[in-house]
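Worksheet: one structure, shown below.
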Ligand SMILES: Nc1ncnc2c1ncn2[C@@H]1O[C@H](COP(=O)(O)OP(=O)(O)OP(=O)(O)O)[C@@H](O)[C@H]1O
Ligand SMILES: [Mg+2]
């Protein structure tokens with residue numbers, strides 16, 4: 001029999017934070033380093049190690065930050081298994097498997113966040129294993145005139161579940177649409193009104209409470225998109241951008257996301273808010289944004305590790321799921337005037353950043 005020793009007890013109470021990632025290098029390493037630098041009692045961080053996955057067997061992590069399961073179905077299934085055995089997975093792998101840009105736009109409309117007019121377009125080629133016979137319920141041709149009238153031209157066409165600017169097209173007229181659409185194979189596409197914008201923002205949102213608003217110009221090449229030489233934005237506009245960012249992420253239930261807005265006539269319109277493994281590379285976001293996202297992720301992962309309890313679900317579930325399961329309306333009725341209002345959640349914007357990391361530069 002092994003006698004109880006201080007070392008054994010230490011392992012019993014040790015909580016591990018793991019990061020699961022693909023080809024990216026700067027962000028995962030910096031987050032691991034930053035968490036370990038903080039030397040929180042009983043908490044360590046490392047790259048997730050997997051050498052086998054058995055059903056209902058824990059992986060040994062209190063928290064896993066997922067940066068790659070969108071591209072690796074084996075990882076997505078491994079994370080669901082980790083979740084049911086008690087790991088707090090950032091982001092919730094069940095929700096991330098369920099939503100896409102089209103649903104998210106519908107949700108945004110219902111919760112009062114402006115989005116471009118968007119139509120869902122069936123794939124040009126039949127999904128593998130289906131034929132024309134499988135589409136008894138589609139009226140052919142579709143009512144293209146109504147669709148084009150709804151979105152107008154120019155319009156954007158992009159995959160309903162896309163990322164990384166893959167297969168994103170700006171289209172000028174219906175001939176252009178049919179021409180480009182004919183090359184999209186089995187992709188289900190969105191056709192979306194173009195928002196001609198005077199300003200554009202990309203916002204990190206972490207833990208449903210920490211927001212960093214970044215001026216972003218998508219017309220620049222990748223490494224210059226976060227250049228912020230332009231005029232300072234109106235504080236009222238920033239407040240609305242922050243409020244919409246929080247609302248979207250809370251209803252979706254994402255712990256880590258970016259939300260993009262194109263501002264037209266002073267109104268921020270949400271363009272893309274389904275980025276649950278958002279770009280955090282030092283080369284694209286720049287040193288200051290990188291320091292913020294590393295520091296905030298490290299703090300949030302520690303917060304989740306402390307809150308994590310064995311033997312129960314430790315995932316974040318969004319307001320959409322919670323109200324659906326609870327049989328409640330999506331938008332709660334306004335509280336009576338006499339009711340006490342809750343204290344506002346802590347929000348960190350571009351002006352108010354958490355303490356600077358001692359050393360957050362990425363290892364190359
Ligand atoms: N409706 C629109 N109006 C104006 N510009 C748009 C619209 N839709 C997309 N864009 C432009 O195309 C870019 C890519 O679109 P989107 O963000 O939806 O694709 P993505 O593949 O998810 O990109 P990312 O990897 O940056 O998240 C946007 O940053 C924006 O510049
Ligand atoms: Mg995206």
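Just to be sure I understand the filter: pairs with C-beta atoms under 7 Å, separated by 6 or more residues or on different chains, first member in the range 156-175 and closer than 21 Å to residue 98 by Cβ and in a loop (DSSP other than H, G, I, E, B), second member away from ligand 2 (no atom under 15 Å from the Cβ) and modelled with pLDDT of 95 or more. Which pairs pass?
Between residues of the range 156-175 that are closer than 21 Å to residue 98 by Cβ and in a loop (DSSP other than H, G, I, E, B) and residues that are away from ligand 2 (no atom under 15 Å from the Cβ) and modelled with pLDDT of 95 or more, the close pairs are 160/120; 160/188.
Here is a yes/no grid of residues against (1) buried (at least 23 other Cβ atoms within 10 Å of the Cβ); (2) within 16 Å of ligand 2 (Cβ to nearest atom); (3) assigned by TED's automatic domain parsing to the domain that holds residue 45:
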{"residue": "231", "(1), (2), (3)": "no, no, no"}
{"residue": "234", "(1), (2), (3)": "no, no, no"}
{"residue": "242", "(1), (2), (3)": "no, no, no"}
{"residue": "259", "(1), (2), (3)": "yes, yes, no"}
{"residue": "262", "(1), (2), (3)": "no, yes, no"}
{"residue": "275", "(1), (2), (3)": "no, yes, no"}
{"residue": "283", "(1), (2), (3)": "no, no, no"}
{"residue": "318", "(1), (2), (3)": "no, no, no"}
{"residue": "321", "(1), (2), (3)": "no, no, no"}
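Tell me, please, whether a residue that is under 30 Å from residue 240 (Cα atoms) and modelled with pLDDT of 95 or more can be found in the range 14-34. Please lay out each step first, then the result.
Let us first name the residues in the range 14-34 that are under 30 Å from residue 240 (Cα atoms), namely 27, 31.
Next cut, modelled with pLDDT of 95 or more only: 27, 31.
Within the range 14-34, one or more residues are under 30 Å from residue 240 (Cα atoms) and modelled with pLDDT of 95 or more.
Condition check ((1) within 21 Å of residue 252 (Cα to Cα); (2) surrounded by fewer than 18 Cβ atoms within 10 Å (Cβ to Cβ); (3) within 15 Å of ligand 1 (Cβ to nearest atom)) across all residues:
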residue	(1), (2), (3)
135	no, yes, no
143	no, yes, no
146	no, yes, no
156	no, no, yes
163	yes, no, yes
175	no, yes, no
205	yes, no, yes
212	yes, no, no
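Return only the number of the condition from (1) modelled with pLDDT under 95; (2) under 21 Å from the mean Cα position of the chain (by Cα) that residue 210 does not satisfy.
So residue 210 meets the others, but not (1).
All but one of (1) touching a strand residue (DSSP E or B) at 6+ places or on another chain (Cβ under 7 Å); (2) touching a residue at least 60 places away in the same chain (Cβ under 8 Å); (3) more than 16 Å from ligand 2 (Cβ to nearest atom) hold for residue 125; state the number of the condition that does not hold.
Going through the list (1) touching a strand residue (DSSP E or B) at 6+ places or on another chain (Cβ under 7 Å); (2) touching a residue at least 60 places away in the same chain (Cβ under 8 Å); (3) more than 16 Å from ligand 2 (Cβ to nearest atom), residue 125 breaks only (1).
If you take the residues of the range 101-122 that are surrounded by fewer than 16 Cβ atoms within 10 Å (Cβ to Cβ) and closer than 16 Å to residue 161 by Cβ, which of them is farthest from the chain's Cα centre (by Cα)?
Among residues in the range 101-122 that are surrounded by fewer than 16 Cβ atoms within 10 Å (Cβ to Cβ) and closer than 16 Å to residue 161 by Cβ, the one farthest from the chain's Cα centre (by Cα) is 122.
Considering only the range 263-284, state which residues are within 13 Å of ligand 1 (Cβ to nearest atom), modelled with pLDDT of 95 or more and not in a loop (DSSP other than H, G, I, E, B).
Within the range 263-284, 263, 264, 268, 269, 270, 271, 272 qualify.
Here's the yes/no breakdown for (1) within 16 Å of ligand 2 (Cβ to nearest atom); (2) touching a residue at least 24 places away in the same chain (Cβ under 8 Å); (3) touching a helix residue (DSSP H, G or I) at 6+ places or on another chain (Cβ under 7 Å):
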residue	(1), (2), (3)
140	no, no, no
147	no, yes, no
152	no, yes, no
194	no, yes, no
200	yes, yes, no
215	no, no, no
222	yes, yes, yes
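At pLDDT 95 or above and within 30 Å of residue 249 (Cα to Cα): is that true of residue 127 in this structure?
no
The values are calculated or read from the model by the stated rules, or taken from the named source; none is laboratory data. The structure displayed is predicted, hence computed values, not measured ones. With ideal geometry, Cβ positions are generated from the backbone for all residues, glycine too; neighbour counts draw on all protein chains shown.
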